[in-house]
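Taking it in order: structure first as structure tokens, then the write-up.
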Amino acid sequence: MLAQVRSFNRVVVQSVGALEDHYLSRRLPLGEARVLWEIGPDGCDVRRLRSRLELDSGYLSRLLRSLEASGLVTVRPSEDDRRVRTARLTRKGRAERELLDRRSDELAQSFLEPLGDRDRRRLVAAMAEVERLLTAGLVRFDIADPMERDAQFCLGEYVAELGRRFETGFDPARSISAAAHELRPPAGLFLVARLHGEPVGCGALKFHKRRPAELKRMWVSPTTRGLGLGRRLLGELERLAGEHGVRTLRLETNRSLLEAIALYRSAGYAEVAPFNEEPYAHHWFEKRL
């Protein structure tokens with residue numbers, strides 16, 4: 001398996017021109033060209049740029065200085081927050097990015113032209129699958145305080161989605177409590193999933209000493225569905241529960257959440273009699289870890 005991955009990497013590196021000092025026959029190396037493209041027409045703050053590309057801050061600073069010296073980029077403090085630096089393309093930088101886009105289209109066309117229609121479709125489908133799997137591997141999980149910005153974003157999206165999908169809407173005040181203090185150690189924990197530094201999912205545990213723990217606030221962003229993130233998030237929560245001595249996990253869910261119900265069943269959760277009075281629940285599940 002390792003040999004196949006390495007062979008694939010070598011072919012891709014050569015095919016996209018990453019071995020050349022001047023990417024796409026321009027004067028920029030691949031790293032600078034990628035940063036220029038990622039900044040985009042509207043600019044991007046440097047912290048977000050670093051998270052998206054998963055680059056060391058020192059290396060990114062060197063790339064930005066080089067782009068500034070070439071007159072392609074400016075890096076200035078944000079007007080809204082002077083502590084935040086924002087990178088923006090100059091007029092010259094926008095022209096260079098547009099040219100790189102055209103050259104990238106030509107490169108992509110060169111992959112497809114030698115192939116027949118059937119093989120083109122096979123190649124594009126295989127590329128989509130590789131992209132999906134590699135993107136899934138970039139998701140990172142971190143235990144966070146439920147009052148942190150990313151955690152609050154996820155909780156807000158969770159409440160909004162349930163409000164749209166439940167037949168009667170969703171009011172957290174009517175639901176069984178999952179307050180911040182219940183989702184902090186030692187009472188519980190809150191897990192945030194991030195992709196390129198942006199929050200894309202969450203889940204929480206409520207501990208009850210020797211009694212079964214509760215799985216709460218499971219949410220995955222629609223932008224990342226199809227990556228298997230829900231299953232990975234569930235597995236990570238189960239692992240953490242096990243580390244805290246939990247032997248049985250419980251959860252309840254609404255009948256409108258068909259994907260979640262299918263996930264829980266396929267992950268080994270068995271439907272049981274109601275064990276609480278959650279007003280929004282139609283199904284109750286339990287799993288021995």
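The values are calculated or read from the model by the stated rules, or taken from the named source; none is laboratory data. Since the structure is predicted, the reported quantities are computational estimates derived from the model, not experimental observations. Positions of Cβ are generated from backbone atoms using ideal geometry, with glycine treated the same way; all protein chains shown enter the neighbour counts. Surface accessibility is based on the protein's heavy atoms, side chains included, excluding ligands, DNA and RNA. Shrake-Rupley method; radii C 1.70, N 1.55, O 1.52, S 1.80 Å.
Observations on the model:
- All conditions but one from (1) within 28 Å of residue 139 (Cα to Cα); (2) assigned to a loop (DSSP other than H, G, I, E, B); (3) small (Gly, Ala, Ser); (4) touching a Lys or Arg at 6+ places or on another chain (Cβ under 8 Å) apply to residue 33; the one that does not is (2).
- Scanning the stretch 247-262 for any residue that is closer than 26 Å to residue 137 by Cβ, of a type in the set (A, V, I, L, M, F, W, C) and free of Cβ contacts under 8 Å to residues at least 40 places away in the same chain turns up at least one such residue.
- Residue match in the stretch 57-73 (condition: under 25 Å from residue 139 (Cα atoms), open to solvent by 100 Å² or more (accessible area, probe 1.4 Å) and not aliphatic (A, V, I, L, M)): no
- Among the residues of the stretch 228-241, those that are open to solvent by 30 Å² or more (accessible area, probe 1.4 Å) and not basic (Lys, Arg) comprise 228, 235, 236, 238.
- Total residues in the stretch 1-51, condition at pLDDT below 85 and of a type in the set (Asp, Glu): 2
- Filter result for the condition that a residue is within 20 Å of the chain's Cα centre (by Cα) and aliphatic (A, V, I, L, M), over 72, 100, 133, 112: 133
- Condition check for residue 79: out of contact with any strand residue (DSSP E or B) (no Cβ under 6 Å at 6 or more places or on another chain) and over 26 Å from residue 17 (Cα atoms): yes
- The residue of the stretch 191-241 that is nearest to residue 53 (Cα to Cα), among those that are of a type outside the set (Ser, Thr, Tyr) and part of a loop (DSSP other than H, G, I, E, B), is 196.
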